[in-house]
Amino acid sequence: MVQGADAVIGSAYDARAAEYVELAGSIEQMDARDAAVIGAWRDATPGRLLDAGCGPGHWTEFLGRGGREARGVDLSAEFITTAKSRHPGIAFQVGTFRDLPLEEGAVGGILAWYSLIHTPPVELPEIFVEFGRVLAPGGSILIGFFDGEPREPFAHAVAPAFFWSADALAELLADAGFDLVSSETRGREEGEISARPHGSLVAVR
């Protein structure tokens with residue numbers, strides 16, 4: 001059940017879900033470089049895949065291409081309703097990262113693409129432990145984030161959010177039993193949805 005701060009974030013996205021879907025609800029609206037990073041990670045990661053913070057389900061559908069089994073979890077009930085409507089062959093569920101609706105070792109990979117940005121930094125360690133619980137041994141996680149001064153808050157359009165760096169996230173992931181595999185950062189180009197610098201990393205458990 002989604003409660004507390006997670007419920008507040010979920011409600012904030014519920015209120016702007018239609019706007020979000022129109023602006024960034026399809027793969028065609030995403031940057032091709034993001035699709036390349038996520039696609040390469042998908043193809044290199046065996047087992048079932050979880051889209052943690054799936055929004056309207058576009059990346060979940062992308063993860064499921066080629067006969068892969070993918071499912072999505074999100075705090076926003078409106079996003080999940082949209083995802084189920086758009087992608088009826090995929091399992092979507094309202095849920096929190098603090099208590100994922102999965103058994104231990106159930107998935108081979110977790111995509112958390114810009115879905116941890118609203119989590120207070122002090123609370124990230126418990127979420128990484130939960131991610132580790134549902135990952136199979138050798139499982140992989142791909143995280144997308146806004147690159148900047150770690151833990152520095154900024155005024156996001158939907159809810160307060162935080163910058164991170166690959167090094168700072170890697171330290172927290174190490175404490176949860178993950179090893180950093182790779183990371184990348186880049187600035188933005190004209191026409192992208194966000195103007196804030198992009199970062200992503202891959203870690204394995």
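Just so it is clear, none of the values below were taken in a lab; they were calculated from the coordinates. Here the structure is a predicted model, which means the values were calculated and not measured. Note that we place each Cβ from the backbone using ideal geometry, even for glycine, and neighbour counts take in every protein chain shown.
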Calculate the spin-label point distance for LYS84 paired with LEU172, positioning each point 7 Å from the Cα along the beta-carbon direction, and give it in nanometres.
3.0
Choose one answer from ARG16, ARG133, ARG42: the residue with the largest mean-square fluctuation in a GNM of the chain with alpha-carbon springs under 10 Å.
ARG16
Among DSSP bridges having both ends in segment 82-205, what percentage is antiparallel? Round to the nearest 5.
70
Among ALA77, ALA32, ALA174: highest mean-square fluctuation, GNM of the chain, C-alpha pairs under 10 Å
ALA32
So between ARG186 and ALA157, what do we pick up on full extension, going 0.36 nm a residue minus the alpha carbon distance?
8.3 nm
What does the charge count near ALA70 come to, summing +1 for each Lys or Arg and -1 for each Asp or Glu among other residues with Cβ under 11 Å from its Cβ?
+2
Length-normalised contact order of segment 4-204 in % [C-alpha pairs under 8 Å, at least 6 apart]:
17
Using helices alone, I'd like the mean residue ellipticity at 222 nm for the chain: each DSSP H run of four-plus residues gives -39500 (n - 2.57), total over residue count, nearest 500.
-10000 deg cm²/dmol
